[in-house]
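Peer 1: I'd like to ask you about the structure that follows.
The values are calculated or read from the model by the stated rules, or taken from the named source; none is laboratory data. These figures come from a predicted structure and were not determined experimentally. Heads up, the Cβs are rebuilt from the backbone with ideal geometry, glycines too, and the neighbour counts pull from every protein chain shown. Ligands, DNA and RNA are excluded from the accessible area calculation, which covers all protein heavy atoms including side chains. Shrake-Rupley method; radii C 1.70, N 1.55, O 1.52, S 1.80 Å.
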Amino acid sequence: MSDKIAFSEDRLAKAKEIILRYPEGKQKSALLPLLHLAQEQFGWVSAASMDYIAEMLQIEPIEVYEVATFYTMFHLEPVGKHVIEYCRTGPCCTMGGEEVYDHLKTKLKIEANQTTSNGLFTLKEVECLAACGWGPCFQIREKFYMHLTNEKVDGIIEELSK
Amino acid sequence: MAKGIKILTEHINTPGIETFEVYKKSGGYAAVEKVIKKMTPEEVVEEVKKSGVRGRGGAGFPMGMKWSFLAKPEGVPRYLVCNADESEPGTFKDHFLMKSIPHLLIEGMIVSSFALGAHKSFIYVRGELMYVIRILEKAIEEAKAAGYLGKNILGSGYDLELVVQPGGGAYICGEETALLESLEGKRGNPRNKPPFPAVKGLYQSPTVVNNVESIANTPWIINNGGDAYAALGIGRSTGTKLISASGHIKNPGVYEIELGLPVEEFLYSDEFLGGIRDGHHLKAVVAGGSSVPILPANLFLKTANGEDRLMSYESLSDGGFASGTMLGSGGFIAMDETTCIVRNTWNFSRFYHHESCGQCSPCREGTGWMEKVLHRIEHGHGNMRDIDLLVDVAKKIEGNTICPLGDAAAWPVASAIRHFRDEFEWHVKYPKEATMKGAVYVKEEVLV
């Protein structure tokens, strides 16, 4: 058993609105939106969050676990304040993505799936973000950072470190 | 040919086009007015059939025909689901269209839902595009407030609700049955077919799944007629197509082209890609997203028979897989002589291994195996037998899986070896040179 947690008031209202979007008896369709909502609030998706969602949707906890572990967007362990999700797929590499990635790692002094010692940045490698012509690119939460260069990366990291 | 016609992007640069007001002023929602007030659902389906528009997600299946397969049992709801899970490497057109002109998709969804008799329709957007989801939700609210969505649309008695659903990060959910599983709150494992979604889709009800660009074409088809659409393009490649262009070209971005545009014009004209970056030469092209066969530059510009190639379904596939490729999703990746084909192939194979859902052994094991062997060759530890092994593994995946991800993983590997075998052999023969930073094998005769 994990510790009890709960959505904030506005997110709880949002969750209830989401569940009503689907036909009667099909409330399980709300699972991915609710997982996103949990990650938005807590930064990651813990077992406690998953149990809470299962209860809300009246489904078995395993039905949440098997879904949360299938999709790559959900962080199943605590992460830093800013999660940098860096595109490593071919078209971005063609646009110079590998060089910029090396620079980013050197700058942060971490490798993929690590968090900086100050807890500010977690680095993750992701597959194609559908921004190939605007690459190299990475994403932090909902924001896309595109046309990346070493200088641009320096500026972004410095800005977010303030 | 009405050169330069824009069906989807005509108003894309109009300031404020993302708002209902400006979109409406630019002629938007006229198609909704027309279908609701003057047409029957059957007539709408007929126009889309006449247009000859083909599925723009990659498969190229005629959209009107797909619509006509939809089962219509009494008392069972029918669903339209828009596939906005755009994840094929090289493809970013739907992302561009939705963020720039969201109401075009909303209008298309209303027209298409009306045609299919759907009262609740979904737009499944890849979760990474959460900011686009918010743009779409705002557009839906605006359309609702204006009476174009919700109960009793324009006083017609027709009700429609649109739901935007986020994915969770999984390329496989672009496959329509995996998408439906995901929409039901499950892992994105593709379903065995039959039954097809047209009979048993979302919640076991008859369902049509269409790509963003396909649906966005329907307002123009309704306003101008299916025949007018069919008059555009060339042969069975009717209308226009959005091409996402990336790689070593001067002007990367999204372009709407009339199908049949000569490849050479698309590549070199300043109106489009503007040519290869200065001082470099084209080496290879992936014309339709990472899964279609890669072609050396010379075979991309001209078919094996020496004919100029066109941007159309038929011309790009001329020569079959021996010397042709596919239009696919229109994800156009240009590579110049600084590109290492082995490294790029390894990168793509890693992608497919990462994205395989694991349901079918040939794909689950085969994609990992190919990635491992390609990694070995790229990093200077390969041997000659490895090259044939790759061809063999690719062959054993192809056609042996529930969904097309297996084929999509096999084709880039098989085609890279087919056309650039000497480059793989060079890596095996000269591992020291091949693994030096920036080292690339170049065969002059394929460059353009």
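Peer 1: Please verify whether region B:132-155 includes one or more residues that are in contact with a Cys (Cβ under 7 Å, 6 or more places away or on another chain), assigned by TED's automatic domain parsing to the domain that holds residue B:91 and more than 22 Å from residue A:39 (Cβ to Cβ).
Peer 2: The answer is no, given that none of the residues of region B:132-155 is in contact with a Cys (Cβ under 7 Å, 6 or more places away or on another chain), assigned by TED's automatic domain parsing to the domain that holds residue B:91 and more than 22 Å from residue A:39 (Cβ to Cβ).
Peer 1: Looking at the structure I just gave you, is residue B:302 charged (D, E, K, R) and either open to solvent by less than 10 Å² (accessible area, probe 1.4 Å) or in contact with a Leu (Cβ under 7 Å, 6 or more places away or on another chain) (or both)?
Peer 2: It is false that residue B:302 is charged (D, E, K, R) and either open to solvent by less than 10 Å² (accessible area, probe 1.4 Å) or in contact with a Leu (Cβ under 7 Å, 6 or more places away or on another chain) (or both).
Peer 1: Now a separate question. Just one of the numbered conditions (1) under 25 Å from residue B:251 (Cα atoms); (2) within 14 Å of another protein chain (Cβ to nearest Cβ) is not true of residue B:350; which one?
Peer 2: Only one criterion in (1) under 25 Å from residue B:251 (Cα atoms); (2) within 14 Å of another protein chain (Cβ to nearest Cβ) is unmet by residue B:350, namely (1).
Peer 1: Could you tell me which residue of region B:126-152 is nearest to the other protein chains (Cβ to nearest Cβ), considering only residues that are in contact with a Pro (Cβ under 6 Å, 6 or more places away or on another chain) and open to solvent by less than 10 Å² (accessible area, probe 1.4 Å)? So that I can check it myself, show each step before the final result.
Peer 2: First pass over region B:126-152, keeping only residues in contact with a Pro (Cβ under 6 Å, 6 or more places away or on another chain): B:127, B:133, B:135-136, B:139.
Narrowing the set further to residues that are open to solvent by less than 10 Å² (accessible area, probe 1.4 Å) leaves B:127, B:133, B:136, B:139.
Details: B:127: 5, B:133: 9, B:136: 14, B:139: 17 Å.
Residue satisfying both the conditions and the ranking: B:127.
Peer 1: I'm trying to understand the selection: among the residues of region A:147-162, which are outside any loop (DSSP other than H, G, I, E, B), among the aliphatic types (A, V, I, L, M) and touching a residue at least 24 places away in the same chain (Cβ under 8 Å)?
Peer 2: Hits for region A:147-162 are A:153, A:157, A:160.
Peer 1: Next question. Select from region B:257-285 the residues that are part of a strand (DSSP E or B), among the charged types (D, E, K, R) and within 14 Å of another protein chain (Cβ to nearest Cβ) and list them in ascending order. Let's see the steps before the verdict.
Peer 2: Here is the first cut: in region B:257-285, the ones part of a strand (DSSP E or B) are B:257-258, B:261-262, B:276, B:282-285.
Checking which are among the charged types (D, E, K, R) leaves us with B:258, B:283.
Within region B:257-285, B:283 is the sole residue that qualifies.
Peer 1: Within region B:400-448, which residues are without any contact (Cβ under 8 Å) to a residue 24 or more places away in the chain and open to solvent by 60 Å² or more (accessible area, probe 1.4 Å)?
Peer 2: Matches in region B:400-448: B:429, B:430, B:433, B:436, B:437, B:443, B:444.
Peer 1: Condition first: in a loop (DSSP other than H, G, I, E, B) and within 12 Å of another protein chain (Cβ to nearest Cβ). Can you find one or more residues in region A:27-44 that meet it?
Peer 2: no
Peer 1: Could you figure out which of (1) in contact with a Ser or Thr (Cβ under 7 Å, 6 or more places away or on another chain); (2) of a type outside the set (Gly, Ala, Ser); (3) part of a helix (DSSP H, G or I); (4) open to solvent by 10 Å² or more (accessible area, probe 1.4 Å) isn't true of residue B:191?
Peer 2: Among (1) in contact with a Ser or Thr (Cβ under 7 Å, 6 or more places away or on another chain); (2) of a type outside the set (Gly, Ala, Ser); (3) part of a helix (DSSP H, G or I); (4) open to solvent by 10 Å² or more (accessible area, probe 1.4 Å), the lone unmet condition for residue B:191 is (3).
Peer 1: Taking into account only those residues within region B:247-256 that are in a strand (DSSP E or B) and farther than 17 Å from residue B:12 by Cβ, which is farthest from the chain's Cα centre (by Cα)?
Peer 2: Filtering region B:247-256 for residues that are in a strand (DSSP E or B) and farther than 17 Å from residue B:12 by Cβ, the one farthest from the chain's Cα centre (by Cα) comes out as B:249.
Peer 1: Can you confirm whether region A:15-22 contains a residue that is within 14 Å of chain B (Cβ to nearest Cβ), part of a helix (DSSP H, G or I), surrounded by 15 or more Cβ atoms within 10 Å (Cβ to Cβ) and touching a Phe, Trp or Tyr at 6+ places or on another chain (Cβ under 8 Å)?
Peer 2: There is at least one residue in region A:15-22 that is within 14 Å of chain B (Cβ to nearest Cβ), part of a helix (DSSP H, G or I), surrounded by 15 or more Cβ atoms within 10 Å (Cβ to Cβ) and touching a Phe, Trp or Tyr at 6+ places or on another chain (Cβ under 8 Å).
Peer 1: How about region B:10-45: which of its residues are under 24 Å from residue B:311 (Cα atoms) and surrounded by 19 or more Cβ atoms within 10 Å (Cβ to Cβ)?
Peer 2: Result: no residue meets the conditions.
Peer 1: Quick one: what pairs do we get from region B:363-378, first residue touching a residue at least 12 places away in the same chain (Cβ under 8 Å), second outside any helix (DSSP H, G or I), C-beta under 6 Å, 6+ apart or different chains?
Peer 2: B:363/B:356; B:363/B:401; B:367/B:356
Peer 1: Would you please name the residue that is nearest to the other protein chains (Cβ to nearest Cβ), looking only at residues in region A:45-74 that are more than 30 Å from residue B:353 (Cβ to Cβ) and in a helix (DSSP H, G or I)?
Peer 2: This residue is A:57.
Peer 1: Residue B:174 - would you say it is more than 26 Å from residue B:8 (Cβ to Cβ) and either within 14 Å of chain A (Cβ to nearest Cβ) or free of Cβ contacts under 8 Å to residues at least 60 places away in the same chain (or both)?
Peer 2: For residue B:174, the condition - more than 26 Å from residue B:8 (Cβ to Cβ) and either within 14 Å of chain A (Cβ to nearest Cβ) or free of Cβ contacts under 8 Å to residues at least 60 places away in the same chain (or both) - is not met.
Peer 1: Right, next: Name the single residue, out of those in region B:215-227 being under 19 Å from residue B:29 (Cβ atoms) and small (Gly, Ala, Ser), that is farthest from the chain's Cα centre (by Cα). Even if it seems obvious, please write down each step before you answer.
Peer 2: First pass over region B:215-227, keeping only residues under 19 Å from residue B:29 (Cβ atoms): B:215-225.
Remaining after also requiring small (Gly, Ala, Ser): B:216, B:225.
Numbers: B:216: 14, B:225: 24 Å.
Restricting to residues being under 19 Å from residue B:29 (Cβ atoms) and small (Gly, Ala, Ser), the top hit is B:225.
Peer 1: Please work out which residue is farthest from the other protein chains (Cβ to nearest Cβ), limiting yourself to region B:76-117 and to residues that are closer than 24 Å to residue B:169 by Cβ and of a type in the set (Asp, Glu).
Peer 2: Selected residue: B:85.
Peer 1: Additional query: Filter region B:297-332 down to residues that are among the aliphatic types (A, V, I, L, M) and within 23 Å of residue B:255 (Cα to Cα) and give me whichever is nearest to the chain's Cα centre (by Cα).
Peer 2: B:327
Peer 1: Answer with yes or no whether residue B:377 is touching a His at 6+ places or on another chain (Cβ under 6 Å), surrounded by 16 or more Cβ atoms within 10 Å (Cβ to Cβ), more than 14 Å from chain A (Cβ to nearest Cβ) and more than 28 Å from residue B:186 (Cβ to Cβ).
Peer 2: yes
Peer 1: So, one more: Select, from B:96, B:122, the only residue that is under 19 Å from residue B:57 (Cα atoms), among the aromatic types (Phe, Trp, Tyr), under 16 Å from the mean Cα position of the chain (by Cα) and at pLDDT 95 or above.
Peer 2: Unique residue meeting the criteria: B:96.
Peer 1: If you don't mind, there's one more thing I want to ask. Considering only region A:99-146, state which residues are without any contact (Cβ under 8 Å) to a residue 24 or more places away in the chain, closer than 26 Å to residue A:77 by Cα and in contact with a Cys (Cβ under 9 Å, 6 or more places away or on another chain).
Peer 2: A:144, A:145 - these are the residues of region A:99-146 that are without any contact (Cβ under 8 Å) to a residue 24 or more places away in the chain, closer than 26 Å to residue A:77 by Cα and in contact with a Cys (Cβ under 9 Å, 6 or more places away or on another chain).
Peer 1: Can you confirm whether residue B:244 is in contact (Cβ under 8 Å) with a residue 12 or more places away in the chain, more than 27 Å from residue B:444 (Cα to Cα) and not in a loop (DSSP other than H, G, I, E, B)?
Peer 2: Values: in contact (Cβ under 8 Å) with a residue 12 or more places away in the chain: yes; more than 27 Å from residue B:444 (Cα to Cα): yes; not in a loop (DSSP other than H, G, I, E, B): yes.
The answer is yes for residue B:244.
Peer 1: A further question on this structure: For region B:158-180, give me each residue that is under 14 Å from residue B:202 (Cβ atoms) and under 20 Å from the mean Cα position of the chain (by Cα).
Peer 2: Hits for region B:158-180 are B:165, B:173, B:176, B:177, B:178, B:179, B:180.
Peer 1: If I ask for residues that are away from chain B (no Cβ under 14 Å), within 24 Å of residue B:438 (Cβ to Cβ) and open to solvent by 30 Å² or more (accessible area, probe 1.4 Å), which ones from region A:96-128 would you list?
Peer 2: Passing the criteria: A:103, A:105, A:106, A:107, A:111.
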